[in-house]
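Single-structure report; data block below.
Where a number appears in this text, it was derived from the coordinates with a stated rule and is not lab data. Here the structure is a predicted model, which is why all the values come from computation and not from measurement. With ideal geometry, Cβ positions are generated from the backbone for all residues, glycine too; neighbour counts draw on all protein chains shown.
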Amino acid sequence: MFQLQKQFIRLIKIMERLRGKNGCPWDRKQTQKSLLPYLLEETYELIEAINKKDVKLIIEELGDLLLQVVFHAQILKEKKGVGIKEVIKCLNNKLIQRHPHVFSDKKDLYKDYHVREFWEKHKKEIKKRESILEGIPVALPSLLRARRLISKATTLGFRWNDNGTIIKKIREELKEVVKELKLRRKKKFEEEIGDLLFAITALAYYNKINAENALYKANNKFIKRFKKIEKLLNNNLPPKKILQLWNKTKS
């Protein structure tokens, strides 16, 4: 524990020095807004490391993400007088408040979905939100945002009955997509594509699949297969021949 505290204090002091009078010009120039692209980049790099199951890379990327937290906290301390100490204190209090079944005598939260329902209701009360759907970042990738919307709605009992019901909904939305495609109504076509994607995300969610992760893997699969035929595509092959080559990569 002592070594952990020592290393964490060292990290804070390194950041203070980098931001100090004789520190690094690049670090001193940064603002919370200018750091936002790096925060997103480091998050996605960590996701990639976790998907690769590369422990060494996960450690490195967790460190890079932690750096972003410390960096933002240091800027906040310089501007507003509150920093990493207040961040950690706020987090500790939040963890205890959201886990009364662990830190107090509330024992009726014995299933994971009980805990999730409690969290959503608690957040709505504490933050004085009009809707349980408030608080989901607009900047989230749309598949992730759809998943969070569906997840929050289920805590109040809103959900499709079973897979069959959702699949029926998907088929309905697909028919609408085809209809608007034939009518060439671009705005309506876009709307129906969105409805179809939302329904597919719901099917994934209810079967414990993250649609964002599923699409991530599909993208990687496409890259792997495409590379196998990429060089041959420069020969002005007819579409039928290209499709035959593509089907070969699948088998």
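So what's the stretch 100-214 giving for Rg/Rh, alpha carbon basis, Kirkwood Rh from the mean inverse pair distance?
1.07
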Relative contact order of the stretch 2-97 (C-alpha contacts under 8 Å, at least 6 apart) in percent is 21
For the chain, the longest principal axis of the Cα atoms and the Cα long axis of helix 186-206 enclose an angle in degrees, to the nearest 10, of 70
Relative contact order as a percentage, the chain, C-alpha pairs under 8 Å and 6+ apart, gives 9
Of the listed pairs Lys85/Lys121; Lys52/Lys217; Lys33/Lys79; Lys227/Lys248; Lys124/Lys152, those with alpha carbons more than 19 Å apart are Lys85/Lys121
Per the helix-only model, the chain has a calculated mean residue ellipticity at 222 nm (DSSP H runs of ≥4, -39500 (n - 2.57) each, divided over all residues, rounded to the nearest 500) of -25000 deg cm²/dmol
Largest-first semi-axes in Å of the equivalent ellipsoid built from the Cα gyration tensor of the chain are 41, 30, 19
If one compares the long axis through the Cα atoms of helix 142-154 with the longest principal axis of the Cα atoms of the chain, the angle in degrees, nearest 10, works out at 80
Whole-Å distance linking the alpha carbon centroid of the stretch 206-251 with that of the stretch 49-107 is 39
Of all chymotrypsin sites (Phe, Trp or Tyr not before Pro) in the stretch 82-149, the ones in DSSP coil with at most 16 other Cβ atoms within 10 Å are Tyr110
Checked the stretch 160-251 against the a/c 1.5 cut and the a/b vs b/c comparison, axes a ≥ b ≥ c from its Cα gyration tensor; verdict oblate
With a Förster distance of 25 angstrom and the Cβ-Cβ distance between Ala139 and Val82, calculated FRET efficiency to the nearest 0.05 equals 0.55
Averaged over all viewing directions, the convex hull of the alpha carbons in the stretch 1-53 casts a projected area in nm² of 5.3
So the angle from the long Cα axis of helix 32-52 to the longest Cα principal axis of the chain, reported in degrees to the nearest 10, equals 60
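Can you tell me the mean projection area, over all orientations, of the convex hull of the stretch 31-151's alpha carbons? Units nm², please.
Approximately 9.8 nm², given one-decimal rounding.
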The value for the stretch 2-97 (convex hull of the alpha-carbon atoms, volume per residue, Å³) is 137
